[in-house]
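Reading through the structure tokens given below for one structure.
The values are calculated or read from the model by the stated rules, or taken from the named source; none is laboratory data. Here the structure is a predicted model, which is why all the values come from computation and not from measurement. All Cβ positions, even for glycine, are placed from backbone atoms using ideal geometry, and neighbour counts span all protein chains on display.
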Amino acid sequence: MKTMKASVKGRYKIDKVGTAGSVVFNAGDMKLRASMTDATGPSLNGLSLSLEKPGSFIIDYDVPKQDVMFQFMNTVRIWDKPLNLTYTHGRGENWTAVDGTLVFNSANKLSVDYAFDSRNCKVKYSYVHRGKSTFEPSYDFAKNSWDFAMSRLCGDDIVRASYRTSTRVLGMEWHKNSTFNGTFKALAMLEMLRRFQEHLSGSIGQTANQDN
């Protein structure tokens with residue numbers, strides 16, 4: 001006999017007015033999820049409903065926008081290697097994307113994402129070193145730029161650094177997992193070009209004052 005189970009998650013951001021939360025009902029192989037993002041009062045803003053069968057499909061309905069998104073997953077084998085395929089279609093804005101990930105082994109993966117509306121293609125390679133460190137270079141054909149990310153498993157915590165060459169933004173993330181306090185995430189972004197220009201302007205100003 002199949003039983004239905006429910007779980008509740010919530011989140012509150014200090015820097016933003018509003019709360020977020022989700023309720024998940026598990027019924028056998030299916031999951032029914034109701035999510036609310038940036039809720040500021042008794043309204044339907046940010047409410048979405050989804051029906052999911054893990055590894056097969058997801059149907060997501062955005063209540064305020066009355067928009068439906070379909071996502072289908074499947075796995076085929078190429079050269080005796082699993083290729084995980086994901087097809088996603090948004091009905092309201094009429095966009096379609098296909099994502100494929102070829103798993104060479106537990107340490108090496110190659111992913112390709114293609115958006116049919118913008119004709120943009122992104123390629124990412126992932127390498128896991130000894131199960132602790134992950135290196136992920138990626139290339140965006142539309143921006144003609146590289147992105148780099150590196151993460152390190154430190155006990156139960158994860159430290160991640162990323163750099164976007166198109167915007168010259170360096171990101172640092174720290175995920176803290178605790179059995180008693182749950183999950184904590186800290187994020188810092190640094191725009192390196194702006195910082196460099198400010199430093200350069202300050203140095204020029206100091207030099208000019210000294211000359212005077």
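Exactly one of (1) of a type in the set (Gly, Ala, Ser); (2) more than 22 Å from Gly171 (Cβ to Cβ); (3) more than 18 Å from the chain's Cα centre (by Cα) is unmet by Gly100. Its number?
Every listed condition holds for Gly100 apart from (3).
Acidic (Asp, Glu), at pLDDT 95 or above, surrounded by 13 or more Cβ atoms within 10 Å (Cβ to Cβ) and assigned to a strand (DSSP E or B): does that describe Asp60?
Here the answer is no, as Asp60 does not meet what is asked.
Might you check whether a residue that is among the small types (Gly, Ala, Ser), under 23 Å from Arg160 (Cβ atoms) and part of a strand (DSSP E or B) occurs anywhere in the stretch 79-100?
The answer is no; no qualifying residue exists.
Are there any pairs, at least 6 apart or on different chains, whose C-beta atoms fall under 6 Å, with the first in the stretch 27-38 and small (Gly, Ala, Ser) and the second outside any strand (DSSP E or B), and if so, which?
Correct list of pairs: Gly28/Lys2.
Within the stretch 38-57, restricting attention to residues that are of a type in the set (Gly, Ala, Ser) and either in a strand (DSSP E or B) or modelled with pLDDT under 85 (or both), which residue is farthest from Asp99 (Cα to Cα)? Please lay out each step first, then the result.
Going through the stretch 38-57, the residues of a type in the set (Gly, Ala, Ser) turn out to be 39, 41, 43, 46, 48, 50, 55-56.
Then keep just the ones that are either in a strand (DSSP E or B) or modelled with pLDDT under 85 (or both); that gives 39, 41, 43, 46, 48, 50.
Values: Ala39: 31, Gly41: 37, Ser43: 34, Gly46: 26, Ser48: 23, Ser50: 20 Å.
So, considering only residues that are of a type in the set (Gly, Ala, Ser) and either in a strand (DSSP E or B) or modelled with pLDDT under 85 (or both), the one farthest from Asp99 (Cα to Cα) is Gly41.
Looking only at the stretch 12-37, filter to residues that are part of a strand (DSSP E or B) and at pLDDT below 60; which one of those is farthest from Val68 (Cα to Cα)?
Residue satisfying both the conditions and the ranking: Tyr12.
Name the residues in the stretch 113-162 that are closer than 20 Å to Thr96 by Cβ, surrounded by 12 or more Cβ atoms within 10 Å (Cβ to Cβ) and not charged (D, E, K, R), would you? Step through it out loud before you land on a result.
Quick first cut of the stretch 113-162, residues closer than 20 Å to Thr96 by Cβ only: 113-124, 140-142.
When the remaining residues are screened for being surrounded by 12 or more Cβ atoms within 10 Å (Cβ to Cβ), the result is 113-116, 120-124, 140-142.
Across the stretch 113-162, the qualifying residues are Tyr114, Ala115, Phe116, Asn120, Cys121, Val123, Phe141, Ala142.
Go through (1) in contact (Cβ under 8 Å) with a residue 12 or more places away in the chain; (2) at negative phi; (3) not in a strand (DSSP E or B) and name the single condition Gly131 misses.
Going through (1) in contact (Cβ under 8 Å) with a residue 12 or more places away in the chain; (2) at negative phi; (3) not in a strand (DSSP E or B) one by one, Gly131 breaks only (2).
Which members of the stretch 52-66 meet the condition of being closer than 15 Å to Arg91 by Cβ and in contact with a Lys or Arg (Cβ under 6 Å, 6 or more places away or on another chain)?
Result: no residue meets the conditions.
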